[in-house]
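For reference, the structure discussed in these notes is given below.
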Amino acid sequence: MSEIRSPPPDRVLEIVLENVLHFLTCRRDRNAASLVCRSWCRAEALTRSDLFIGNCYAVSPHRATSRFRRVRSLTVKGKPRFADFDLLPLNWGAHFSPWGSALADAYPWLEKLHLKRMSLTDDDLNLIARSFPSFKELVLVCCEGFGIAGIAAVAANCRLLRVLDLVESVVEDADEDEEVMDWISCFPDGETHLESLVFECVECPVNFEALERLVARSPYLKKLRLNHYVSIPQLYRLMHRAPQLTHLGTGSFCASDDVAVGDQELDYSSAFAACKSLVCLSGFRDILPDYLPAIYPACANLTSLNLSYADVNADQLKPVILQCHKLQTLWVLDSICDEGLQAVAATCKDLRELRVFPGNTREEAEGPVSEVGLEVISQGCRKLQSILFFCQRMTNAAVIAMSKNCPDLVVFRLCIIGRYRPDPETHEPMDDGFGAIVMNCKKLTRLAVSGLLTDQAFRYIGMYGKLLRTLSVAFAGDSDQGLKYVLEGCPNLQKLEIRDSPFGDAALHSGLHHFYNMRFLWMSTCKLTRQGCQEIARALPHLALEVIDSQEDKADDHIEILYMYRSLDRPRNDAPKCVTILQ
């Protein structure tokens with residue numbers, strides 16, 4: 001008999017290490033493990049099946065696929081967040097095509113693909129549909145450039161598809177003389193593997209009969225979010241076809257125009273009562289408030305309710321919210337007023353996340369929510385971990401109260417609409433309020449500041465914001481010293497977004513020691529000069545500094561936008577003319 005050969009000692013250690021690394025699921029833990037030594041780096045790469053790329057230009061597709069060779073799930077992010085506010089030029093970049101080609105060659109076994117703020121075409125979606133036989137999950141968040149034909153290709157060719165989520169993406173319509181493709185009918189016949197189907201952002205009608213048949217033959221479907229072309233009578237039919245749903249986006253939540261006068265009204269409450277597993281409700285586009293009582297039977301089990309498209313007032317909200325004792329996530333419009341927030345505070349004692357969006361963003365408008373609503377939420381919802389709050393007025397006292405009542409806050413984003421607004425009662429800057437947040441909320445990792453702020457607010461942030469990873473600043477600060485406090489005092493800062501603030505070259509240079517540790521820095525309408533940015537580029541050659549100017553021949557040296565990020569590869573070659581990459 002031939003002897004069984006044992007692997008060499010160093011290989012034994014690698015085998016043991018690979019088995020141990022399989023238990024590491026957090027990407028930060030894996031990143032830390034890969035930095036121990038070369039053998040750990042090699043073993044970590046061989047065992048990573050889930051790859052996250054936070055910036056599509058930070059590493060080339062070839063470099064990523066060469067190092068990580070066994071990836072089955074990939075997430076790629078493209079444009080910076082300010083693209084959502086139209087602050088990036090058209091055709092700026094973040095094209096998926098180079099990634100698509102590399103993935104098709106390197107990962108024929110790819111199962112999951114999540115893209116955010118990427119530009120991809122129907123040809124890219126065709127490539128995805130035909131290159132990965134085991135493909136199961138496609139999530140496109142805030143993406144653009146593709147149309148119904150691309151979605152249809154994925155539906156038709158990915159026979160093991162479990163998740164098709166299109167979230168806040170721009171899906172291009174067909175030309176006026178072209179008929180809209182019936183993409184719903186492209187799913188293969190027979191029982192499907194679908195677990196999640198989200199198409200709220202698709203701005204064209206769907207074949208409802210085909211959708212109803214698809215839902216009926218999808219026994220594993222748990223999440224269904226519909227666009228506003230689906231009426232509440234159609235929703236009723238779908239819910240009876242899929243009583244196993246846990247997450248539902250309701251569509252328009254009003255009757256269709258073709259309902260005949262005198263037709264008997266359906267018992268919509270019975271449909272919600274039949275969906276006993278429902279825990280998440282969203283949608284409510286073009287809502288008719290008279291239909292809101294239909295959701296009452298589902299309210300007791302809800303943990304998430306999104307009414308951010310529903311223009312409802314406090315009186316219409318109260319009967320709903322008073323039954324939502326298990327609610328942990330709530331998104332609403334400010335049309336509910338402080339009175340509506342008082343009802344939330346009195347009922348939702350387990351609330352963890354609250355977002356209050358503005359119905360009117362004009363600075364001169366008088367906002368329906370204020371410091372009264374914020375303070376009452378802090379008193380009633382003491383388990384709160386994340387808040388996004390748009391308002392026209394706010395006081396230091398209310399913010400300080402929140403910092404004391406909700407010490408577990410991880411995310412605090414207060415957006416006071418209107419520039420340089422002080423505390424309306426004391427006429428003082430909002431420094432003390434935000435200072436209290438960073439002092440008392442020890443777990444804080446994300447902060448957005450607004451209102452009248454001096455350098456003192458940034459001094460507080462630098463002193464106490466030691467876990468802060470994301471900071472967003474608008475219309476704030478006195479001088480370069482404010483930004484210096486932050487860059488010198490926040491060691492974990494990863495993402496820094498600044499607009500319309502008085503920070504210049506000296507402030508930027510104070511972060512030289514930290515920029516390689518950050519994912520990106522965005523500064524628009526500040527006091528930066530091209531020369532100052534060029535000096536950063538010379539000092540830190542592995543940073544990409546993109547200077548974006550709308551005017552080609554500017555008379556002065558000041559720049560409009562600086563987008564700076566770390567990159568392991570050469571500067572990208574797909575930048576438009578208005579973008580200059582400094583080297």
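Things worth noting here:
- Note, ³J(HN,Hα) from phi for the range 297-309, Karplus 6.51, -1.76, 1.60, rounded to Hz, x at Gly and Pro: x, 8, 4, 4, 9, 5, 10, 9, 9, 10, 10, 6, 10
- Amide hydrogen proximity for Arg566: with H placed 1.01 Å from N in the peptide plane, the residues at 5 or more positions away or on another chain lying under 5 Å are Ala544.
- Heavy-atom accessible area, probed at 1.4 angstrom with all protein chains present, ranks Thr329, Thr395 as Thr329, Thr395, highest first.
- Shape of the range 326-388, Cα gyration tensor, a/c cut at 1.5: prolate
- The accessible area of His427, taken with all protein chains in place and a 1.4 Å probe, comes to roughly 130 Å².
- For Asn55, the residues whose modelled amide H falls within less than 5 Å of its own, excluding neighbours fewer than 5 places apart on the same chain, are Lys77.
- Solvent-accessible heavy-atom area per residue, rounded to whole Å², over the chain at 1.4 Å: 46
- Solvent-accessible area, 1.4 Å probe, carbon plus sulfur percent, for the chain: 50
- Volume of the convex hull of the range 155-227 (Cα atoms only), normalised per residue: 89 Å³.
- If you take the alpha carbon atoms of the range 109-260 and fit the smallest convex hull around them, that volume is 108 Å³ per residue.
- For the range 499-583, the list of trypsin sites (Lys or Arg not before Pro) that fall in a loop by DSSP and count at most 14 other C-beta atoms within 10 angstrom reads Lys554, Lys577.
- Cross-linked pairs Lys77/Lys442; Lys222/Lys383; Lys116/Lys326; Lys326/Lys383; Lys442/Lys495: Cα-Cα separations exceed 21 Å for Lys77/Lys442; Lys222/Lys383; Lys116/Lys326.
- Largest-first ellipsoid semi-axes for the chain, taking √(5λ) over the Cα gyration tensor eigenvalues, angstrom: 38, 36, 25
- Most to least accessible of Asp165, Asp432 (protein chains only, probe 1.4 Å): Asp432, Asp165
- Looking at the range 166-233, the trypsin sites (Lys or Arg not before Pro) that sit in a DSSP loop and have at most 16 other Cβ atoms within 10 Å of their own Cβ are Arg217.
- With DNA, RNA and ligands ignored, accessible area of Ser252 (1.4 Å probe; Å², nearest 10): 10
- In order along the range 203-215, the Karplus-derived 3J(HN,Hα) couplings, from 6.51 cos²θ - 1.76 cosθ + 1.60 at θ = phi - 60°, round to 8, 7, x, 10, 6, 5, 4, 5, 5, 4, 5, 5, 5 Hz, and Gly and Pro are given as x.
- Most to least accessible of Glu428, Glu212 (protein chains only, probe 1.4 Å): Glu428, Glu212
- Accessible surface of Ser304 - all protein chains present, 1.4 Å probe, nearest 10 Å²: 30
- Set of lysines near Lys577 by C-alpha distance (under 20 Å), chain-local residues within fewer than 8 positions excluded: Lys79, Lys554
- Three-way shape call for the range 464-551 based on the alpha-carbon gyration tensor, with the a/c threshold at 1.5: oblate
- Three-way shape label, the range 397-475, alpha-carbon gyration tensor, a/c 1.5: prolate
- Net charge over other residues, Cβ less than 12 angstrom from the Cβ of Asp189 (K, R count +1; D, E count -1): +2
The values are calculated or read from the model by the stated rules, or taken from the named source; none is laboratory data. The shown structure was predicted, so the numbers you read here are calculated from the model rather than taken from an experiment. All Cβ positions, glycine included, derive from the backbone under ideal geometry; neighbour counts span all protein chains shown. Heads up: the accessible areas ignore ligands, DNA and RNA and are worked out on the full protein's heavy atoms, side chains in. Shrake-Rupley method; radii C 1.70, N 1.55, O 1.52, S 1.80 Å.
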